[in-house]
Amino acid sequence: MRCGWMNNHEFRFGNTLSFSFDIQHAQSDSLARVGTINTPHGPIQTPAFIPVGTKATVKSVLPEAMADLGAQALLSNAYHLYLQPGADILDEAGGLGEFMNWPGPTFTDSGGFQVLSLGVGFKKVLAMDAQTFRRDDVIAGNKDRLAHVDDEGVTFKSHLDGSMHRFTPEVSMQVQHQIGADIMFAFDECTTLHNTRPYQELAMDRTFAWAIRCLDEHKRLTENRASKPYQALFGVIQGAQYEDLRKKAATDLGALESSGQSFDGFGIGGALDKGQLGTIVSWVNQILPEDKPRHLLGIGAPEDLFVGVENGCDTFDCVLASRIARTSAVYTMEGRFNLSNSRFKRDFTPIDDECDCYTCTHYTRAYMHHVFRGKEIISATLATIHNERFIVRLVDQMRQALLDGNFADMKADFLGQYTHRSGQARD
Ligand SMILES: [Zn+2]
């Protein structure tokens, strides 16, 4: 184990008073860079993978174990926490980190993606591959949707109890300020790859108008809550697969200032056609201000993380590492496989020989096979620790390779061994 958290329940991250981003190294032959995001709850060395604890918990794993496996920050979801337990409860608790016993930096996703899931994407495939799915597979009929978007905001029905709610840019900012994460995202309208081009334009105009309202409300709340640690606000770049729309969004949001406030960083979101991921991200990152951090929303498959890093993204989040772990699927240097498969019944080797995680240094595939077959709760804990460590460490290794000047070799080595599998997921 890298440190004995079982014996030491005090774990701390170095605190700073405000938000800043320093670049230590910029690659000359690509957009990749190495930096540090400083937040009131400590620094994040970038590039970094940020594990997801949607409802203020990484399912089945203690926060001490997340720190021990190298997680530098956690990302939760404002929409889910607004519905349950309520943003006011987190505010009273002293904010998200305090509430969930995570002393390090935190992020909240604004809810735009969840509204997409309840709206046009309700009960549909949230496809990130334009070729495989037809429009009807992706876009829900008007009557079927639980969310409806207008120019002012979104009205939606709770997936928990059917109650009606309304999110506007102002409400999203109020909710995210109450939740109190170090890094928040502006409320955006997320589209699918199958929305029409005119609709993508409309949604992007709306996202821009909402960005101004988010900045204004953020400024007001920051002043009203001056005793609280500063919360950084990231704008979200939409534009689906269209070069002109992506570039326009990056230009407009990158330069936007309202109430004397500009965005502290940017999220690259929306429908990202996996086949074009690098191209889309490079359109955007060539335009966005260099001195501000860029987060690639919902991307976390190993091969996609290389593409994101070499095209100038600093942080990433994806729920896939923990979600697939609970179904017995693990990432390894041999590719992704399922531990419940009977071929592991007598396999007394670790999940991954090269992994230094708690699970791989203490348990065998045979034990993991046994606990998954027996539906033991510890199966989720151990598999999640391994998968999160695998992805966190991979991005840490990319950072080190950039500093050492051997990123291309490291990438070729990794991808040469790793069996390609794709995946993208957000909660
Ligand atoms: Zn492991």
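The values are calculated or read from the model by the stated rules, or taken from the named source; none is laboratory data. Small disclaimer: the values here were computed from a predicted structure and weren't measured. Because the Cβ atoms are built from the backbone with ideal geometry, glycine has one as well, and the counts that use them run over all protein chains shown.
At least 3 residues being at pLDDT below 90 and in contact with a strand residue (DSSP E or B) (Cβ under 9 Å, 6 or more places away or on another chain) is the threshold, and among the helices (runs of 4 or more DSSP H) wholly inside segment 48-167 those reaching it are 112-118.
Considered as a group, the residues in segment 216-269 that are of a type in the set (A, V, I, L, M) and under 17 Å from Thr39 (Cβ atoms) include one that is surrounded by the most Cβ atoms within 10 Å (Cβ to Cβ), and that residue is Leu233. For segment 220-279, a tally of residues being of a type in the set (A, V, I, L, M) and within 26 Å of His41 (Cβ to Cβ) returns 8. Surrounded by 24 or more Cβ atoms within 10 Å (Cβ to Cβ) and outside the structural domain of Ser379 (by TED's automatic domain parsing): which single residue out of Leu62, Leu81 fits that description? None of the other options fit; the residue is Leu81. Of the residues making up segment 354-390, those that are touching a Leu at 6+ places or on another chain (Cβ under 8 Å) and farther than 13 Å from Ile324 by Cα are Cys357, Tyr358, Thr359, Tyr363, Arg365, Met368, His369, Val371, Arg389.
Just one residue in the set His41, His9 is crowded, with 20+ Cβ neighbours inside 10 Å and either under 21 Å from the mean Cα position of the chain (by Cα) or at pLDDT below 95 (or both); that residue is His41. Looking across segment 338-378 at every residue that is surrounded by fewer than 21 Cβ atoms within 10 Å (Cβ to Cβ) and polar (S, T, N, Q), the one that is farthest from the ligand (Cβ to nearest atom) is identified as Ser342. Please go through segment 307-326 and pick out each residue that is in contact with a helix residue (DSSP H, G or I) (Cβ under 8 Å, 6 or more places away or on another chain) and over 22 Å from Phe21 (Cβ atoms). Once the filter is applied, which keeps residues that are in contact with a helix residue (DSSP H, G or I) (Cβ under 8 Å, 6 or more places away or on another chain) and over 22 Å from Phe21 (Cβ atoms), segment 307-326 yields Ala321, Ser322, Ile324, Ala325, Arg326.
Per the listing Gly265, Gly270, the residue uniquely closer than 19 Å to Ser76 by Cα, modelled with pLDDT under 95, away from the ligand (no atom under 16 Å from the Cβ) and in contact with an Asp or Glu (Cβ under 9 Å, 6 or more places away or on another chain) is Gly270.
Considering only segment 190-214, state which residues are touching a strand residue (DSSP E or B) at 6+ places or on another chain (Cβ under 6 Å) and not small (Gly, Ala, Ser).
Of everything in segment 190-214, just one residue is touching a strand residue (DSSP E or B) at 6+ places or on another chain (Cβ under 6 Å) and not small (Gly, Ala, Ser), namely Ile212.
Among the conditions (1) crowded, with 23+ Cβ neighbours inside 10 Å; (2) under 21 Å from Ala408 (Cα atoms); (3) within 15 Å of the ligand (Cβ to nearest atom), the only one that Tyr331 does not satisfy is (2).
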